[in-house]
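Trainee: Take a look at this one; I'll ask things after.
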Amino acid sequence: MQYFLSDAHIGSRAMDDPQHQQRFVNLLRQLAQDATAIYLLGDIFDFWSEYFWRDSSKQEYEPLLTCLRSITDAGIPVHYFIGNHDIWTYGKLAKRTGVIVHRKPELMVIAGKRCLLAHGDGLVPSNYLSQFPREVQKKIRSFMRLRRLFHNPLAQFLFRLVPPALGNRVGYNWARQSRLKELANPCPYKGENHEELVLYAKEQSQITNHQSQIDYYIFGHRHIELDLELATGARVIILGDCFRQWTYAAMTEQGALSLCALDD
Ligand SMILES: [Mn+2]
């Protein structure tokens, strides 16, 4: 089986559940029993940043890091896509755990199916902004500016110079605020004509020619569960999360994909 999980937000200061990390570790261990590969589609940590200095606070994540290492040591590849909370990894995570880090959306053939994998933040159809009133456009633009700053190599270099205790304080607090905002104002599925990732997938599936047609668009980020078939036959999958919903996707070696919940 091939497994797809996202948005565990381990270490979130917005949630006080001492069992959260352990529950995620248990799930990974269980899936690893029959996994050919595991795809982590972003925001596995609520805030992950690597510095030029030693950062002892990462000990908090020993259970998960050890678990990932044992899975990759067993020969099961683990693909780690950065999300918008764990952008700042420059090799330490990969070295410690053996995961393969992906910093951009990837087209991968998995069990014979063409899959577009991404966390999903920042993926919008073209002319996306123009449909909104000016006020909303402003908000989206400032979000995009922040996203560019987070991905900017110079800004990243400077942030790595910051003492970890300070960088982490800023980072965890930012992540906590964004999680609390989302928990207070959950944004349910907007419908196929408004959900950005669906619109993005629709546009992609229209511009790609028949031979290179994608079978599955698989995303995280939205904390909603979705399995939607487009007119082209492609399916858009949004994974839910491993934070409150505990959902993930499983694909058989024949390429059949289904969404699963933890207590299935
Ligand atoms: Mn996200």
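Trainee: How many percent of DSSP beta bridges within the chain run antiparallel, rounded to 5?
Mentor: If we restrict to bridges inside the chain, about 45 percent are antiparallel.
Trainee: Carbon and sulfur atoms: what percent of the 1.4 Å accessible area of region 1-133 do they account for?
Mentor: Carbon plus sulfur share of accessible area: 52 percent.
Trainee: Largest first, how would Leu239, Leu149 line up by accessible area (1.4 Å probe)?
Mentor: So, going from the largest accessible area down, we get Leu149, Leu239.
Trainee: Once fully extended, how much extra length lies between Arg23 and Glu135, figured as 0.36 nm per residue of separation less the alpha-carbon to alpha-carbon distance?
Mentor: Difference between extended and current length: 36.2 nm.
Trainee: Here's something else I'd like to know. Report in % the part of the accessible area of region 148-257 that belongs to carbon and sulfur, leaving out ligands and nucleic acids; probe 1.4 Å.
Mentor: 56
Trainee: With respect to the cross-link table entries Lys58/Lys181; Lys104/Lys190; Lys113/Lys190; Lys113/Lys202; Lys138/Lys190; Lys104/Lys202, which display a Cα-Cα separation exceeding 23 Å?
Mentor: Lys58/Lys181; Lys104/Lys190; Lys113/Lys190
Trainee: From the Cα gyration tensor of the chain, with a ≥ b ≥ c the square roots of its eigenvalues, which class applies: rounded if a/c is under 1.5, or else prolate if a/b is larger than b/c, or else oblate?
Mentor: Oblate shape, in that a/c is at least 1.5 and b/c is the bigger or equal ratio.
Trainee: What is the spin-label model distance, in nm, from Gln177 to Asp55 if the labels are put 7 Å beyond Cα along the C-beta direction?
Mentor: For Gln177 paired with Asp55, the spin-label model returns 1.9 nm.
Trainee: Using the heavy atoms of the protein chains and a 1.4 angstrom probe, tell me the accessible area per residue for region 143-245 in square angstrom.
Mentor: 56
Trainee: What's the extension gain from Asp34 to Arg244 if we count 0.36 nm per residue and subtract their Cα-Cα distance?
Mentor: 73.2 nm
Trainee: What longest range of the chain stays clear of loop-exposed chymotrypsin sites (Phe, Trp or Tyr not before Pro) (DSSP non-H/G/I/E/B, at most 13 other C-beta within 10 angstrom)?
Mentor: Maximal segment without exposed cleavage sites: 54-264.
Trainee: What residues of region 3-19 lie in the reach of a label at Thr252, counting those whose backbone N is under 19 Å from a point 7 Å from the Cα along Cα→Cβ?
Mentor: Those under the cut-off are 3-4.
Trainee: I need the helices of the chain that pass two filters: whole DSSP H segments spanning 20 Å or more by Cα along the axis, and mean Kyte-Doolittle score no lower than -1.0.
Mentor: 134-151, 164-184
Trainee: Here's a follow-up. Mean residue ellipticity at 222 nm from the helices of the chain, using -39,500 (n - 2.57) per DSSP H segment of n ≥ 4 over the full residue count, to the nearest 500 deg cm²/dmol?
Mentor: -11000 deg cm²/dmol
Trainee: A further question on this structure: Where in the chain lies the longest segment free of GluC sites (Glu not before Pro) that are both loop residues by DSSP (not H, G, I, E, B) and have at most 16 other Cβ atoms within 10 Å?
Mentor: After excluding every exposed loop site, the longest remaining stretch is 1-191.
The values are calculated or read from the model by the stated rules, or taken from the named source; none is laboratory data. Just so it is clear, the structure is predicted and the values come from calculations on it, not from any experiment. Counting neighbours? That spans all protein chains shown, and the Cβs are built from the backbone with ideal geometry, glycine included. Please note that ligands, DNA and RNA were not included when accessible areas were found on the heavy atoms of the full protein model with its side chains. Shrake-Rupley method; radii C 1.70, N 1.55, O 1.52, S 1.80 Å.
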